[in-house]
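Single-structure report; data block below.
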Amino acid sequence: MNAANPLRLAVFGAPALHITALASALTRRGHQAATYPGPASIAATPARPLTALLFAVATFDDTAAAQVRELRAVLPAVPVVSIGPPDPAGVLELLRAGACGFLPISAGLEEVEHACRLVRTGRAVITADLLHDALASLSRAASPHDQERERLLGALTARELEVLRLICDGLTTDEISTRLGITLSTTRTHIQRLLAKLDAPTRLGAAAIADRYGLLADRPAAPPLQGERTT
């Protein structure tokens, strides 16, 4: 078959058998498709301008995203279309790295051709369902701040959180002991442990960390002692 407007494509990635078969099938359809071992070898090959780069992905890891970034660095004018398993989080990482489109491994040759032509015009290519799932995975991804908050909350016991709240309220060790109905020795132990878990040198530092990460935002205030006045 002779394509009316043949594409010039560089194909690389893994598994090797897949990229070889893909390049051969595209060539039989009248396109110019060659396989390469990596981004550097594509950039070093003198040729007419490429329509697109086809990057086959077997598994999603840091290497896959790094290769997309390398492709964008050495050939910034050539769009990258990734082909692989439809994993939303993995696809999102490739798009962040600079891929202009993504096709599932099950995509047919006509879909591949269409995608390569679209990205060449500056358009992005991804199925609506996969885009929805990728964006959903992004919204679920916790920020470093949220991750640290969850780590700290998981480390502190319920009693230590009570003590932390009273520290933030400005109570002394004696007052905390009285408020919670525990001994001074036990109170001091709780304070020492929570300071260690928060990596805070002082009670003031612990209060600052509690405020920064919202450690007490979801916990009700401790009830006052009998006879205490509330505002």
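For segment 180-213, a residue qualifies if it is out of contact with any Ser or Thr (no Cβ under 7 Å at 6 or more places or on another chain), open to solvent by 50 Å² or more (accessible area, probe 1.4 Å) and outside any helix (DSSP H, G or I), and the qualifying residues are G181, D199, P201, T202. From the list S24, S106, the lone residue that is more than 24 Å from D133 (Cα to Cα) and of a type in the set (S, T, N, Q) is S24. Exactly one residue out of R159, R123 is charged (D, E, K, R) and closer than 30 Å to A33 by Cβ: that is R123.
Within segment 154-180, residues that are on the phi > 0 side of the Ramachandran plot have Cβ atoms under 9 Å from residues that are part of a helix (DSSP H, G or I) in these pairs: G170/A207, counting only partners at least 6 apart in sequence or on another chain. Consider L95 carefully, then state whether it is at negative phi, in contact with a Phe, Trp or Tyr (Cβ under 9 Å, 6 or more places away or on another chain), surrounded by fewer than 22 Cβ atoms within 10 Å (Cβ to Cβ) and in a helix (DSSP H, G or I). Against the criterion (at negative phi, in contact with a Phe, Trp or Tyr (Cβ under 9 Å, 6 or more places away or on another chain), surrounded by fewer than 22 Cβ atoms within 10 Å (Cβ to Cβ) and in a helix (DSSP H, G or I)), L95 qualifies.
Would a scan of segment 74-83 turn up a residue that is open to solvent by 50 Å² or more (accessible area, probe 1.4 Å), among the small types (G, A, S) and either touching a Pro at 6+ places or on another chain (Cβ under 9 Å) or part of a loop (DSSP other than H, G, I, E, B) (or both)? Yes, segment 74-83 contains at least one residue that is open to solvent by 50 Å² or more (accessible area, probe 1.4 Å), among the small types (G, A, S) and either touching a Pro at 6+ places or on another chain (Cβ under 9 Å) or part of a loop (DSSP other than H, G, I, E, B) (or both). In this structure, P49 does satisfy being modelled with pLDDT under 90 and open to solvent by 10 Å² or more (accessible area, probe 1.4 Å).
For D87, the test of being at pLDDT below 90 and open to solvent by 70 Å² or more (accessible area, probe 1.4 Å) is failed. Whenever a residue of segment 123-136 is more than 12 Å from C100 (Cα to Cα) and in contact (Cβ under 8 Å) with a residue 24 or more places away in the chain, its partners that are open to solvent by less than 50 Å² (accessible area, probe 1.4 Å) and assigned to a loop (DSSP other than H, G, I, E, B), lying with C-beta atoms within less than 8 angstrom and at least six residues away or across chains, give the pairs A134/I126.
Contact annotation: residue pairs with Cβ atoms under 9 Å, 6 or more positions apart or on different chains, pairing a residue in segment 192-209 that is farther than 18 Å from I176 by Cα with a partner that is open to solvent by 70 Å² or more (accessible area, probe 1.4 Å), are I209/D199. Inclusion of V80 among residues that are in contact with a helix residue (DSSP H, G or I) (Cβ under 7 Å, 6 or more places away or on another chain), under 17 Å from V125 (Cα atoms) and in contact (Cβ under 8 Å) with a residue 24 or more places away in the chain is warranted.
The residue that is least open to solvent (accessible area, probe 1.4 Å), among those in segment 98-135 that are part of a loop (DSSP other than H, G, I, E, B) and of a type in the set (V, I, T), is I126.
The values are calculated or read from the model by the stated rules, or taken from the named source; none is laboratory data. None of these values were measured; they are calculated from a predicted model. Because the Cβ atoms are built from the backbone with ideal geometry, glycine has one as well, and the counts that use them run over all protein chains shown. Side chains included, ligands, DNA and RNA excluded: accessible areas come from the protein's heavy atoms. Shrake-Rupley method; radii C 1.70, N 1.55, O 1.52, S 1.80 Å.
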